[in-house]
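Notes follow once the structure below has been shown.
The values are calculated or read from the model by the stated rules, or taken from the named source; none is laboratory data. Just so we're clear, the structure is a prediction, and the values are computed from it rather than from any experiment. Using ideal geometry, Cβ is built from the backbone for each residue, glycine included, and neighbour counts are taken over all protein chains shown. Only protein heavy atoms, including side chains, enter the accessible area calculation; ligands, DNA and RNA are left aside. Shrake-Rupley method; radii C 1.70, N 1.55, O 1.52, S 1.80 Å.
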Amino acid sequence: FRLQAFGGGLVQAGGSLRLSCAASERTFSNYAMYWFRQALGKEREFVAAITRRGGSTSYADSVKVRFTISRDNTKNTVFLQMNNLKPEDTAVYYCAADANLVLHTSSGRMDHWGKGTQVTVSS
């Protein structure tokens with residue numbers, strides 16, 4: 001089960017980016033999906049999560065209203081729409097999968113991780 005994140009880049013403050021994360025297998029729908037991020041010199045932090053069927057989502061307070069997580073199980077893909085980006089959103093963004101039914105914020109409990117994609121927001 002492999003995850004590949006893409007869609008990062010350089011954007012000015014106030015701009016938008018859409019990250020995607022594609023899974024290699026159709027068992028994708030068996031997993032809740034997560035986005036985490038890690039800024040240079042900082043610990044990895046929770047960004048957003050979505051349940052297996054997409055019926056429930058969870059967000060870090062710092063991104064609420066600005067970011068939206070969604071998924072398309074027919075395409076084995078999870079998305080993170082990021083609007084009104086701020087310089088403090090600059091980080092490497094990682095997608096992850098967890099078979100647990102209940103959403104949480106702990107990076108230590110993920111079953112699978114994708115390689116990160118860099119997001120840089122200039123002021």
Signed unit charges on C-beta, dipole axis of the range 19-61, positive-most listed residue Ser29, Ala60, Leu19 = Ser29
Relative contact order of the chain (C-alpha contacts under 8 Å, at least 6 apart) in percent is 36 percent
Using only the C-alpha atoms of the range 25-74, find the volume of their convex hull and express it per residue in Å³.
-> 92 Å³
In debye to the nearest 20, the charge dipole size for the range 35-91, taken about the Cα centre with +1 at each Lys and Arg Cβ and -1 at each Asp and Glu Cβ, equals 220 debye
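For the range 25-123, which trypsin sites (Lys or Arg not before Pro) are both in a DSSP coil and crowded by at most 15 other Cβ atoms within 10 Å? Write down the numbers at each step before the final one.
Details: sites: Arg26, Arg37, Lys42, Arg44, Arg52, Arg53, Lys64, Arg66, Arg71, Lys75, Arg109, Lys115; in loops: Lys42, Arg44, Arg52, Arg53, Lys64, Arg66, Lys75.
The qualifying sites are Lys42, Arg53, Lys64, Arg66, Lys75.
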Accessible surface, per residue, of the chain when the full set of protein chains is kept, probe 1.4 Å, Å² | 52 Å²
Give the carbon-plus-sulfur fraction of the accessible surface of the range 53-123 in %, rounded to a whole number; probe 1.4 Å, heavy atoms of protein chains only.
-> 48 percent
Evaluate the charge dipole of the chain about its Cα centre and quote only its size in Debye, nearest 20, assuming +1 on the Cβ of each Lys and Arg and -1 on the Cβ of each Asp and Glu.
-> 220 debye
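Would you please name the GluC sites (Glu not before Pro) within the range 1-109 that are DSSP coil residues with at most 16 other C-beta atoms within 10 Å of their C-beta?
Details: sites: Glu25, Glu43, Glu45, Glu88; in loops: Glu25, Glu43.
Passing sites in the range 1-109 are Glu25, Glu43.
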